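See structure below.
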Amino acid sequence: MQKVLTKGLMKLIGKNGGGRGPAERRLKSPNGNGAAAPVTAPPAFAVGTGRCGTHFLRDLMEKDPGIAAYHHRSIDSDAFARYCAWNRLPVDMSPFYDARRAWIDEVRSSGLLYFESEPYLSLSIVPLYERFGARFVFVVRRPEDVVNSLFVKGWYAEEFYKADADLAPGYAPGLRGNHVFGRIVPNGEEFRRWSRLTRVGKLAWMWNALNVRTLEQLREIPEEQSVTVKLEELGYDCYRRLHAFVGGRQSMSEQEFDRIRNSKPGKGRNHRTADVWSERERREFEAETEEGRRLLGYE
């Protein structure tokens, strides 16, 4: 079973802003005195569906001078990793993991803890744990909020075409890599059914599919390696528990936490609510998110 942080308490449920790379962020020792003893603490990753609060987590953790925190370090590569994992493709992913090993080693050699917020890594939990002993913060958000946020961002706005529904989708020229690879779609008969859904229904399917698959991955690693937090309940006490879980030492004040929370990192200009949904969209939303809502307590 994995740990869940809600309403400032720990309880149990059943078994990605802008990236900052090593060349963009100058690594310093926590005390600012130059050389620091390398750290051996495992790296930590915040994962989720996207539009769920991973950017917010990065902004919180980077305030600790002992943490090197990143968001969207390599978006196309990470989206490709999600694509391969979702479609269970037999691809050599060693370049993907070797690059992260180099990033983690660089940060550790500077005496810092490595923390990365990247929703595209939510389907790479088991290999990241096996290679790095990583810890994971699984960030979840109300499905209607994720669906509406992704709707405004343009997810599935264009007709998704596959000549052969049984195969993983191809990459058409002119499209952005992270859009093709990150926006998962089902295969086979499920794809044919999915294609007939409204955009709200398609996004609801995605919220459910990614969260359920992420929960399945978390069951495969030791329970002490992960916590799940609802974005709606991520207050100051919850932040301090998360900060301690990832290995942080200098937590921020409640006033600073409130300032970051109220700034709403990653928030778009447009906002949409479920009030504008049609009756069909509401029915599809309820049906497509049923399993994930039950597992995550969003009944």
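The values are calculated or read from the model by the stated rules, or taken from the named source; none is laboratory data. The structure presented is a predicted model; accordingly, all values stated were derived computationally and were not measured. Heads up, the Cβs are rebuilt from the backbone with ideal geometry, glycines too, and the neighbour counts pull from every protein chain shown. Side chains included, ligands, DNA and RNA excluded: accessible areas come from the protein's heavy atoms. Shrake-Rupley method; radii C 1.70, N 1.55, O 1.52, S 1.80 Å.
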Taking a 1.4 Å probe, which of SER109, SER77, SER124 shows the most accessible area, and what order do the others take after it?
SER109, SER77, SER124
Among ASN187, LEU295, ASN148, which residue has its Cα furthest toward the positive end of the charge dipole of the chain, with +1 on Lys/Arg Cβ and -1 on Asp/Glu Cβ?
ASN148
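Accessible area per residue of segment 38-145 at 1.4 Å probe, in Å²?
Per residue, segment 38-145 has 32 Å² of solvent-accessible surface.
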Under the Karplus relation with 6.51, -1.76 and 1.60 and θ = phi - 60°, whole-Hz ³J(HN,Hα) for segment 150-158, x at Gly and Pro, equal 5, 4, 5, 6, x, 5, 6, 6, 9
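Solvent-accessible area per residue for segment 181-299 at a 1.4 Å probe radius, Å²?
51
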Output ³J(HN,Hα) for segment 128-144: one whole-Hz value per residue in order, computed from phi by the Karplus curve 6.51 cos²θ - 1.76 cosθ + 1.60 with θ = phi - 60°, and x for Gly and Pro.
5, 5, 5, 7, 10, x, 5, 9, 9, 10, 8, 9, 10, 9, 3, x, 5
In deg cm²/dmol, rounded to 500, what helix-only [θ] at 222 nm does the chain give when every DSSP H run of at least 4 residues adds -39500 (n - 2.57) and the total is split over its residues?
-12500 deg cm²/dmol
Carbon + sulfur, % of accessible area of the chain - ligands and nucleic acids excluded, 1.4 Å:
47
For THR228, the residues 5 or more places away or on another chain with a placed amide H closer than 5 Å to its own amide H are LYS3, VAL4, LEU5, PHE138
Where only alpha carbons of the chain are counted, the Rg and the Dmax (Å):
19.1, 61
The size of the Cβ-based charge dipole (Lys, Arg +1; Asp, Glu -1) of the chain about the Cα centre, to the nearest 20 debye, is 540
